[in-house]
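The structure appears right after this line, and notes come after that.
Derivation of every value follows stated rules applied to the coordinates shown; laboratory data play no part. This one's a predicted model, so the numbers in the text were calculated from it and none came from an experiment. All Cβ positions, even for glycine, are placed from backbone atoms using ideal geometry, and neighbour counts span all protein chains on display.
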Amino acid sequence: MEYNHKEIEESARRFWRDADIYKVAIDASRPKYYVLDMFPYPSGAGLHVGHPLGYIASDIYARYKRQKGFNVLHPMGFDAYGLPAEQYAIQTGQHPEITTRQNIERYCKQLEKIGFSFDWSRSIRTCDPEFYRWTQWAFLKMFNSWYDRNANSARPIAELEEHLAQYGTEGLDAACTKEMVLSAEDWANMDAKGKSDALMNWRLAYLANAVVNWCPKLGTVLANDEVSEGLSVRGGYPVEQKKMWQWCLRVSAYAQRLLDGLDRIDWSESLKETQRNWIGRSEGAEMRFEIQGNPELALEIFTTRPDTIFGVTFMVLAPESKYVAMVTTPDKQTEVDQYLDYVRHRTERERMIDRRVTGVFSGSYAINPLTGKPVPVWISDYVLSGYGTGAIMAVPAHDSRDYAFARHFNLPVIPLIEGADVSEASYDAKEGTMINSEGTALNLNGLSVKEAMNAAKRYVEQSGIGKVKTNYRLRDAIFSRQRYWGEPIPICYVDGIPTAYGNLPLELPEIDKYLPTETGEPPLGRAKEWHTPEGYPLELNTMPGFAGSSAYYLRYMDPHNEKALVSREADEYWRQVDLYIGGSEHATGHLIYSRFWNKFLYDCGEVCEDEPFRKLINQGMIQGRSNFVYRVKDTNTFVSAELKKDYDTTPIHVDVNIVSNDVLDQEAFRGWRPEFADAQFITGDDGRYVCGWAVEKMSKSMFNVVNPDDVVERYGADTLRMYEMFLGPLEQSKPWDTNGIDGVYRFIRKMWSLYHKGDTVVVDDTEPSAENLKSIHKLIKKVSADIENFSFNTSVAAFMICVNELASQGCRSRAVLEPLAIVAAPFAPHVAEALWRQVLGHEDSVCDAPWPEYDEKWLIESTVTMAVSFNGKARYNITLAADAPREQIEKAALEAEGAAKWLDGKTIRKIIVVPGKIVNIVIG
RNA sequence: GCGCAUGUGGCGUAAUUGGUAGCCGCGUUAGACUUAGGAUCUAAUGUCUUCGGACGUAGGGGUUCGAGUCCCCUCUUGCGCACCA
């Protein structure tokens, strides 16, 4: 029987579907394992071959774990809210729901064909009310919570209100937008609106007038991770800074826990580093610098280098700083106003591209608390208002930014470290011995920078001029989007007071047009009846894209529960994702938000693990591999790549689907586009036209998109799966290169024909030979270890070796061919299923066949060949019994034919024996 | 600038973690078969060679009997962050 992938794969899929084989349920008798893929956003373009890479890897692992006896949860769903469907709706008027549903159907069809072991009965879509009610529920829980730094946990807002009523802010250490001091009396005297406003300062989901990334082209605000280099990640439109009332999540309250948690999870070092970077913890001190002539006013600054305080030669305020108005002297007012105006008219992007040194003197001087000397206070946009206190002490000698500023405005530079040459550049390194650092109260001279830092910090605390402080770069997440296609925020406004609207799900209303209203309100402003039954208006903003993906992994544990996001029972059984596979582009978005969201739910007692993803693997990106033809200038003649140096040519992208192994199908090319119908070719002697190639992003315009459906059609899903794994290490980015897929296809056919001769099955019950057993046990050992290490590419090679060996041994023994089918099942499930059921005659599925154990005894060699080397250079081999003792090995090495030549006249200094590998004779 | 990766044949890659570098596949070459095909099979394939061997894992240095692997310096190419004090 010939290997017919279409028949084999269709019948395997039919069997799996009919037997509902991938459905899982809680089973306390078996250990659980949760394997998850980052669910896709179903775009209109469908899947290309890059998308399934991670899914194939996770599917191999899931299938393996299942065969190892684990109860494996392996679900798939769709991240259904997103801008493209809404943009399409704006252009065409088609409801995004319809677009989304169509795209999901297409994705499902494509995924179905690749043979994944997903439990589709647990599938979720973030735009289903039954799913997003739990997104809204979590939001309200955050709205009704505050973060207690003493307990290091979120707590119900009612407990905060109680505390305020009894003690005011006394004894309170809570994450907040700005420090606030209230007495119990102040609190009691506040009206409802005042209390609501005050509580916003502490709520974990809060409304704030924040500076946001506003994208006029998309008509919405964006979170920091949705902006890159001043442009929106989706669409690439310019982004401006704008102050707006927005819902925010107090992610920053969890900064330290997000950082600490990284040490307890099994993620790649580079991804952890990216998150550490993004969280950006820095230790330092906050200090007060009084303004000369105004003892009432002091600048609060943050620095990581309190040890450099003797080198402060000026102060700098961010243009947006509240201090600017306070320190500007009347004679400088005009200049300062002009500068502020200039800064305001520069976009974020302009600031990034053009990093000119700009600034203006405020007219005031601040007093250095250690030297008592006055230093000028400047205003410049190189200081950011959003970080620290928006004001800095400038130490030009030891900070390159301060240095550039000082040089530009001719301000003094005082070096503080012995031997540091600051004539050309600042000395930023934190090493050396301190000089010029002596005041009446503190003397740092002679100390190392490290010691000086500690001494300075100690002094700052003791003298009361400031306090030691840790700052984080991580900002709160802006949670409002001025968009239609997202989860409604379940908030209503009762007499102007934002109030939780608990009747969930709050369903997304229908609207006539997917655009802002004439008055500039978000699209939900068009909804009729958008108010509570009591008539209170509902929030018009919707949630951002990351909302729905922040806790979806919990929902898969218990997807149909109407009472809770996840039942206690399901949560305690499945606990957390054991293996999460997805792209590293989510490092500072989804993977931060999910961890935050999960930690919050953990604080609330809703989930039992505080980290959502125990192990995470980032699969590499699959790039496109474009092909080119070379048109000879001003002709319709194309020259083969190896001859193009003799002609003046223009490279033209050619559809990779009419090129095979870089050889162009000339007829197909003539039919590809009308202008090439009469194309002529200059080829090599063999008549073949060879194309050039380049690695580029996979995109339609490069004609390098390869659709998995086409690969499945031609080679079958098993070949696609194995080839994607064979391409290289999972975590590495690589171009999709079809050259070589034939090799994998050939292998699968070879494996198939191992079980057949002509039309008959040749598997019999003969005793396997020791050779046969060695081949298969070697394979089982290698593949088991490879799967555990996610080294799938080397497994494929092991399969090829094993099948070649068994074929040349003429192996027909069921005892060998059965385990071969079983270990092949995670990689090539369809062909394994066909072999298992049709050829080997089993009733059940190969998916449930227990993973075979290997036996070392078949792997032990009876004889072994060892290299004999002299001073490390191998000269000849000796073959001897594998268990030969050391003396015998040495003897054999010295007595071997040819040994005399190397030993001639030399003294043997040492003999090193690595059993089974090498004998090194050191001579001299 | 800071941080994290990475560098091995014509190409994708491998190397039991310090033990004969180049497994497996592609490509190439030669041969077999053949109803002539982009099918299948068999063999060869790092470079140089005076056929003894020599040289080879980005480059330079070091540790070691022995280094792709460990240490130091330089370079390459990716990626992340980036006026974060």
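Quick check on the exposure proxy: order A:THR532, A:THR863 from fewest to most C-beta atoms within 10 angstrom. Spell out each step's value before the answer.
Working: A:THR532 15, A:THR863 10.
With the sparsest Cβ surroundings first, the list reads A:THR863, A:THR532.
If the convex hull of the alpha-carbon atoms of the range A:139-291 is projected onto planes in all directions, what is the mean projected area in square nanometres? Could the numbers behind the result be given before it?
Details: hull surface 51.9 nm².
About 13.0 nm², averaged over all directions.
At each listed q (0.13, 0.14, 0.17, 0.20 Å⁻¹), what is the log10 of I(q)/I(0) that the Debye formula gives for the range A:87-229 modelled as equal alpha-carbon point scatterers?
The Debye formula, applied to the Cα set alone, gives -0.84, -0.90, -1.05, -1.22.
Can you give the convex hull volume per residue for the Cα atoms of the range A:784-917, as a whole number of Å³?
Numbers: hull volume 20.5 nm³, N = 134.
Residue-normalised Cα hull volume stands at 153 Å³.
Provide the gained length on full extension for the span A:GLU269 to A:PHE681, in nm with one decimal, where the gain is 0.36 nm per separating residue minus the Cα-Cα distance.
In short, 143.2 nm is gained.
Enumerate the calculated ³J(HN,Hα) couplings along the range A:103-118 in order (Karplus 6.51 cos²θ - 1.76 cosθ + 1.60, θ = phi - 60°), each rounded to whole Hz, writing x wherever the residue is Gly or Pro.
Ordered by residue, 3J(HN,Hα) equals 5, 5, 4, 5, 4, 4, 4, 5, 5, 3, 6, 9, x, 7, 9, 6 Hz.
Just to confirm the number: angle between the C-alpha axis of helix A:886-895 and the first principal axis of chain A, 0 to 90 degrees, nearest 10?
Long axis of A:886-895 versus the principal axis of chain A: about 60 degrees.
Using alpha-carbon pairs under 8 Å, 6+ residues apart, how would you state the relative contact order of chain A in percent? Spell out each step's value before the answer.
Details: 1706 pairs, mean separation 117.6, N = 924.
Relative contact order here is 13 percent.
If you find the alpha carbon centre of the range A:398-443 and of the range A:53-70, how far apart are they in angstrom?
The range A:398-443 and the range A:53-70 have Cα centres spaced 58 Å from each other.
What pairs in A:LYS141/A:LYS178; A:LYS217/A:LYS599; A:LYS781/A:LYS917; A:LYS65/A:LYS917; A:LYS65/A:LYS778 have C-alpha atoms more than 24 Å from each other? Before the final figure, lay out each step's value.
On the way: A:LYS141/A:LYS178 22 Å; A:LYS217/A:LYS599 35 Å; A:LYS781/A:LYS917 20 Å; A:LYS65/A:LYS917 34 Å; A:LYS65/A:LYS778 20 Å.
Beyond 24 Å: A:LYS217/A:LYS599; A:LYS65/A:LYS917.
How many angstrom separate the Cα center of the range A:245-299 from the Cα center of the range A:175-205?
23 Å
Could you tell me which trypsin sites (Lys or Arg not before Pro) in the range A:58-121 are loop residues by DSSP with no more than 12 other beta carbons within 10 angstrom of their beta carbon? Kindly include the intermediate steps, with their values, before the conclusion.
On the way: sites: A:ARG63, A:LYS65, A:ARG66, A:LYS68, A:ARG101, A:ARG106, A:LYS109, A:LYS113; in loops: A:LYS68, A:LYS113.
Counting only loop positions with at most 12 other Cβ atoms within 10 Å, none of the trypsin sites (Lys or Arg not before Pro) in the range A:58-121 qualifies.
Based on the Cβ-Cβ distance of A:ALA441 and A:ASP191, what FRET efficiency does E = 1/(1 + (r/R0)^6) give at R0 = 56 Å, to the nearest 0.05? Present the calculation step by step, with values, prior to reporting the outcome.
Working: r = 48 Å, r/R0 = 0.85.
Efficiency, from the Cβ-Cβ distance: 0.70.
What is the angle, in °, between the Cα long axis of helix A:741-754 and the longest principal axis of the Cα atoms in chain A? Nearest 10 is fine, range 0 to 90.
Long axis of A:741-754 versus the principal axis of chain A: about 50 degrees.
Distance from a point 7 Å along Cα→Cβ of A:GLU130 to each backbone N in the range A:523-560: keep the residues under 16 Å and list them by number.
Within reach of a label on A:GLU130, which here means backbone N under 16 Å from a point 7 Å along Cα→Cβ, the range A:523-560 contributes A:555-560.
Within the range A:50-78, which residues have the backbone N less than 18 Å from the label spot 7 Å out from A:GLU788 along Cα→beta-carbon, could you tell me?
Output list for this probe position: A:60-71.
Using a 10 Å cut-off around each Cβ, can you sort A:HIS95, A:HIS560, A:HIS830 from fewest to most neighbouring Cβ atoms? Could you put the intermediate results ahead of the total?
Values: A:HIS95 16, A:HIS560 9, A:HIS830 26.
Going from least to most buried by this count: A:HIS560, A:HIS95, A:HIS830.
Enumerate the lysines that A:LYS644 could reach by cross-link, defined here as Cα to Cα under 20 Å, with residues fewer than 8 away along the same chain left out.
Output for A:LYS644: A:LYS633.
What full-extension length gain, to one decimal in nm, is calculated for A:ASP764 and A:LYS750 as 0.36 nm per residue of separation minus the Cα-Cα distance? Kindly include the intermediate steps, with their values, before the conclusion.
Working: separation 14, 0.36 × 14 = 5.04 nm, distance 1.81 nm.
Full extension from A:ASP764 to A:LYS750 adds 3.2 nm.
Pull out the extension gain between A:VAL663 and A:LEU643, defined as 0.36 nm times the separation in residues minus the alpha carbon to alpha carbon distance; nm, one decimal. Intermediate values should be presented prior to the final figure.
Working: separation 20, 0.36 × 20 = 7.20 nm, distance 1.39 nm.
Between A:VAL663 and A:LEU643, full extension yields 5.8 nm more.
How about the range A:874-919: which trypsin sites (Lys or Arg not before Pro) there lie in a loop by DSSP and see at most 14 other Cβ atoms within 10 Å?
Working: sites: A:ARG875, A:ARG886, A:LYS891, A:LYS901, A:LYS906, A:ARG909, A:LYS910, A:LYS917; in loops: A:LYS906, A:LYS917.
Within the range A:874-919, the qualifying trypsin sites (Lys or Arg not before Pro) (loop, at most 14 other Cβ atoms within 10 Å) are A:LYS906, A:LYS917.
Grab the beta carbon distance between A:ILE652 and A:ARG355, set R0 = 45 Å, and tell me the FRET efficiency rounded to 0.05. Before the final figure, lay out each step's value.
Values: r = 40 Å, r/R0 = 0.88.
FRET efficiency, A:ILE652 to A:ARG355: 0.70.
Three principal axis extents, largest first, for the C-alpha atoms of chain A, in Å?
99, 88, 74
Roughly what % antiparallel, to the nearest 5, for the DSSP beta bridges in chain A? Write out the running numbers ahead of the final one.
Working: 91 of 116 bridges.
The answer is about 80 percent antiparallel.
Give the residue list of GluC sites (Glu not before Pro) in the range A:360-460 that are DSSP loop and have at most 12 other beta-carbon atoms within 10 angstrom. Working shown, then result.
Working: sites: A:GLU418, A:GLU424, A:GLU431, A:GLU438, A:GLU451; in loops: A:GLU418, A:GLU424, A:GLU431.
Those that pass, being in a loop and sparsely packed, are A:GLU418, A:GLU424, A:GLU431.
Suppose a student asked you for the relative contact order of the range A:192-242, using Cα pairs under 8 Å spaced at least 6 residues apart; what percent would you report?
Working: 55 pairs, mean separation 16.1, N = 51.
RCO, the range A:192-242: 31 percent.
Rounded to the nearest 20 Debye, what is the dipole magnitude of chain A about its Cα centre when Lys and Arg each give +1 and Asp and Glu each give -1 at the C-beta? Walk me through the numbers before you get to the answer.
Details: 103 positive and 129 negative charges, 298 e Å.
For chain A, the charge dipole is close to 1440 debye.
Using alpha-carbon pairs under 8 Å, 6+ residues apart, how would you state the relative contact order of the range A:413-485 in percent? Intermediate values should be presented prior to the final figure.
Numbers: 61 pairs, mean separation 13.1, N = 73.
Relative contact order for the range A:413-485 comes out at 18 percent.
What ranking of A:ARG749, A:ARG625, A:ARG133 emerges when the number of other C-beta atoms within 10 Å of each C-beta is taken as an exposure proxy, fewest first?
Values: A:ARG749 16, A:ARG625 22, A:ARG133 19.
Sorted ascending by nearby Cβ count, the order is A:ARG749, A:ARG133, A:ARG625.
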